Amino acid sequence: MNLPDRAIDAGRFAGLELLASSVLLVDSRDRVRYANPAAENMLDASLKSLSRQTLAALFSNGDELAALCEQTRAHQYSDLRQDLALERGGRDILHVHSIASALDNGEVLIELRENVQQLKLDREERFLDQSQANKELIRNLAHEIKNPLGGIRGAAQLLELELPPLHLNALKEYTQVVIKEADRLQTLVDRLLAPHRKPHIVGDVNIHEVCERVRSLVLAEFPNGLGIRRDYDASIPEFRGDKEQLIQAVLNIVHNAAQALAGRIAAGDAEIVLRTRVARQLTLAKVRYGLALDLHIIDNGPGIAPDIRDRIFYPLVSGREGGSGLGLTLAQTFVQQHLGMIECESRPGLTDFRILLPLP
């Protein structure tokens with residue numbers, strides 16, 4: 001069987017080789033005759049291995065794509081467009097926008113473009129489900145830990161009172177270790193439970209007042225070597241929310257950024273940018289909003305370590321030695337209580353936290 005060769009078909013397919021979208025050419029029996037480099041990359045297979053495979057062999061539900069090809073041939077439309085979720089055994093589902101165009105001799109040219117919006121919605125849905133499960137787990141664990149901690153601390157205090165005077169100084173050191181560690185764990189538990197205890201105090205919020213408050217607090221702690229640049233959209237309206245919670249959420253992110261910039265602060269070129277914009281027609285937690293606040297907190301630090309990048313909002317996950325791993329968890333909780341969410345993109349030299357909140 002003669003397999004397709006790019007050198008042989010160079011003239012016919014030259015215009016498709018550099019396309020960013022994936023292109024497949026199938027014959028009258030829905031067997032793959034050609035795949036451009038983007039398609040090879042999407043399907044994680046070479047043209048040689050794809051050649052002569054049928055659409056049904058490429059995808060578990062390839063019959064949907066085959067039906068699209070058949071309709072294209074039968075009706076001779078200029079093209080047929082459809083959103084598909086193509087299933088591949090043991091791999092992630094491909095959410096694509098497909099365009100099928102009929103050619104000569106029963107051939108069909110299929111263009112596949114990743115459906116970025118659907119991917120984003122699926123990612124948000126998974127994140128929200130995981131976030132809710134984490135909150136329930138942490139809340140239950142915190143309550144289970146809290147009661148024994150009180151007993152341990154009380155027992156250590158009683159033990160200290162019963163120590164014989166002769167050995168008091170020698171043994172008191174150990175009881176104090178127990179008491180102090182119990183207090184430390186109590187503080188940690190209180191921080192885990194804090195977002196669920198405090199009432200939601202709603203009032204008019206100006207996001208730039210929030211940013212300015214955070215900016216002054218962080219610059220007071222890092223007066224040298226750090227610049228915090230403003231890039232505000234003054235047209236953003238006030239909205240209803242809990243100002244103190246939002247200050248804490250933004251402060252946690254900016255403070256984390258400042259700590260990650262320790263090396264650049266020492267060199268004197270550390271920078272954090274606070275950028276506000278209006279986003280339009282945005283979907284948050286499956287709800288469509290006409291307007292939303294789009295707040296970016298950008299730093300020029302080393303970036304988030306790849307091994308924790310997907311888990312940074314989970315409780316007790318920290319990229320800094322000695323960190324509690326609660327700052328971003330609390331920030332995400334406070335933002336979610338305002339029907340919003342936080343996203344993050346990071347690479348060496350640039351980390352961008354994006355807070356999205358619905359606007360009236």
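The values are calculated or read from the model by the stated rules, or taken from the named source; none is laboratory data. Just so you know, these numbers come straight off a predicted model, no measurement behind them. For neighbour counting, all protein chains shown are included, and Cβ atoms are generated from backbone atoms with ideal geometry for every residue, glycine included.
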Test result for residue 76, of a type outside the set (A, V, I, L, M, F, W, C), outside the structural domain of residue 335 (by TED's automatic domain parsing) and modelled with pLDDT under 80: yes
When residues of the range 25-70 are limited to those that are hydrophobic (A, V, I, L, M, F, W, C) and in contact (Cβ under 8 Å) with a residue 60 or more places away in the chain, the one surrounded by the fewest Cβ atoms within 10 Å (Cβ to Cβ): 42
Looking across the range 79-107 at residues that are of a type in the set (S, T, N, Q) and more than 30 Å from the chain's Cα centre (by Cα), the single one that is modelled with the highest pLDDT is 101
Six or more apart or on different chains, Cβ atoms under 8 Å: show the pairs whose first residue is in the range 259-272 and in contact (Cβ under 8 Å) with a residue 40 or more places away in the chain and whose second is surrounded by 13 or more Cβ atoms within 10 Å (Cβ to Cβ) and part of a helix (DSSP H, G or I). 265/258; 270/258; 270/264; 271/264; 272/218; 272/254; 272/257; 272/258
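Residues checked against (1) over 17 Å from residue 271 (Cβ atoms); (2) at pLDDT below 90; (3) assigned by TED's automatic domain parsing to the domain that holds residue 270:
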position	(1), (2), (3)
289	yes, yes, yes
292	yes, no, yes
300	no, no, yes
308	yes, yes, yes
311	yes, yes, yes
315	yes, yes, yes
321	yes, yes, yes
343	yes, yes, yes
350	no, no, yes
Please indicate, with yes or no, whether at least one residue in the range 226-242 is part of a helix (DSSP H, G or I), touching a residue at least 24 places away in the same chain (Cβ under 8 Å) and outside the structural domain of residue 184 (by TED's automatic domain parsing). no
Matching residues, the range 273-298, being on the phi > 0 side of the Ramachandran plot and either surrounded by 20 or more Cβ atoms within 10 Å (Cβ to Cβ) or touching a residue at least 12 places away in the same chain (Cβ under 8 Å) (or both): 285, 286
Restricting attention to the range 196-211, does a residue exist that is part of a helix (DSSP H, G or I), of a type in the set (D, E, K, R) and modelled with pLDDT of 85 or more? yes
